[in-house]
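Colleague: The structure is given below, and queries will be raised subsequently.
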Amino acid sequence: MLCEQVLGKLEDLDVSGKTVEYVDIEWHEAFKKIHKKITDQGREVGIRMDDSILSRGLFQGDVIYQDETVIVAVNTPPCEIIEIALAPGHEKMAAKVCYEIGNRHAPLFWGEKDTFITIYNEPMLVMLSKIHGVTAEKKIAKLDFDRRISASLHNHHH
């Protein structure tokens with residue numbers, strides 16, 4: 001099966017009488033044009049997107065295939081994240097947190113209850129933990145790409 005475009009969002013489609021299969025696309029794969037994947041039902045899927053995917057990405061609930069009986073949708077699995085909270089009275093440190101995360105070209109998301117979220121790596125966790133008035137905690141969570149702050153999520157190299 002070959003998937004070549006995003007057909008819409010799963011929540012916007014009528015799925016009655018159809019089998020919905022999910023293909024896992026990790027957060028760091030979201031901006032790649034070509035994938036070879038297996039759905040949660042064991043179906044082999046080739047994904048070949050056009051250049052628009054380089055800026056749009058593939059995210060939770062994106063439908064990439066549909067026929068009379070089957071829908072294939074993207075699942076973005078949970079991953080290791082850092083949840084960043086600011087202590088009361090230290091709200092201005094948000095600028096430093098955002099600067100440091102952006103300076104490392106890491107994706108940044110709004111979290112719950114005035115927190116920020118970024119992708120986990122140990123040097124990032126250590127650096128954030130050293131900022132006065134900031135608490136950084138490693139967790140496992142599903143990223144909500146509708147809450148992203150960064151303009152793009154794909155890596156770029158100098």
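Colleague: Does region 44-84 come out rounded, prolate or oblate by the C-alpha gyration tensor, with a ≥ b ≥ c the root eigenvalues, rounded set by a/c under 1.5 and, if not, prolate when a/b is larger than b/c and oblate if not?
Modeller: Oblate, because a/c is 1.5 or more while a/b does not exceed b/c.
Colleague: Per-residue HN-Hα couplings for region 102-114, Karplus 6.51 cos²θ - 1.76 cosθ + 1.60 at θ = phi - 60°, whole Hz, x for Gly and Pro?
Modeller: x, 5, 9, 6, 9, x, 9, 10, 6, x, 7, 6, 6
Colleague: Right, here's the next one. Shape verdict for the chain, please, from the Cα gyration tensor: rounded (a/c under 1.5), prolate (a/b greater than b/c) or oblate.
Modeller: Prolate shape, in that a/c is at least 1.5 and a/b is the bigger ratio.
Colleague: Build a GNM of the chain with springs between Cα atoms under 10 Å: which of 51, 144, 62 gets the top mean-square fluctuation?
Modeller: 51
Colleague: Also, quick follow-up: Amide H to amide H under 5 Å from residue 20: which residues, 5+ apart in sequence or cross-chain, H placed 1.01 Å off N in plane?
Modeller: Under 5 Å from the amide H of residue 20 lie the amide H atoms of 71, each far enough along the sequence or on another chain.
Colleague: Subtracting the Cα-Cα distance from 0.36 nm times the residue separation, let me have the gained length for residue 87 to residue 138 in nm, one decimal.
Modeller: Taking residue 87 through residue 138 to full extension adds about 16.6 nm, to one decimal.
Colleague: Still on this model: Rounded to the nearest 0.05, what FRET efficiency do residue 43 and residue 113 give with R0 = 41 Å and r taken as the Cβ-Cβ distance? Could you check?
Modeller: In this case the efficiency is close to 0.55.
Colleague: Could you run the Karplus curve 6.51 cos²θ - 1.76 cosθ + 1.60 with θ = phi - 60° over region 132-148 and give me ³J(HN,Hα) per residue in whole Hz, x for Gly and Pro?
Modeller: Values per residue, Gly and Pro as x: 4, x, 10, 10, 10, 10, 6, 9, 10, 7, 8, 6, 9, 5, 6, 9, 6 Hz.
Colleague: To the nearest 20 debye, what is the magnitude of the charge dipole of the chain about its Cα centre, counting +1 on the Cβ of each Lys and Arg and -1 on the Cβ of each Asp and Glu?
Modeller: The calculation lands at about 640 debye.
Colleague: Highest GNM mean-square fluctuation, the chain, Cα pairs closer than 10 Å: which of 35, 90, 105?
Modeller: Checking each option, the largest mean-square fluctuation is seen for 90.
Colleague: DSSP loop (so not H, G, I, E, B), at most 16 other Cβ within 10 Å: list which trypsin sites (Lys or Arg not before Pro) in region 4-102 pass both filters.
Modeller: Passing sites in region 4-102 are 18, 32, 33, 43, 92.
Colleague: What is the spin-label model distance, in nm, from residue 34 to residue 121 if the labels are put 7 Å beyond Cα along the C-beta direction?
Modeller: Distance between label points: 2.6 nm.
Colleague: Under a 10 Å cutoff between Cα atoms, tell me which one of 77, 88, 107 has the largest fluctuation in the Gaussian network model of the chain.
Modeller: Comparing 77, 88, 107 in a Gaussian network model of the chain, the most mobile one is 88.
Colleague: For residue 131 and residue 14, calculate 0.36 nm times their separation in residues minus their Cα-Cα distance, and state this gained length in nm to one decimal.
Modeller: 37.3 nm
Colleague: In region 32-117, which GluC sites (Glu not before Pro) are in a loop and have at most 13 other Cβ atoms within 10 Å, using DSSP for the loop call?
Modeller: Those that pass, being in a loop and sparsely packed, are 68, 91, 112.
Throughout, read-outs are computed from the coordinates displayed, never taken from laboratory work. Note that the structure is predicted; figures quoted are calculated from it, not measured. FYI the Cβ positions are ideal-geometry reconstructions off the backbone, even for glycines, and counts take in every protein chain you see.
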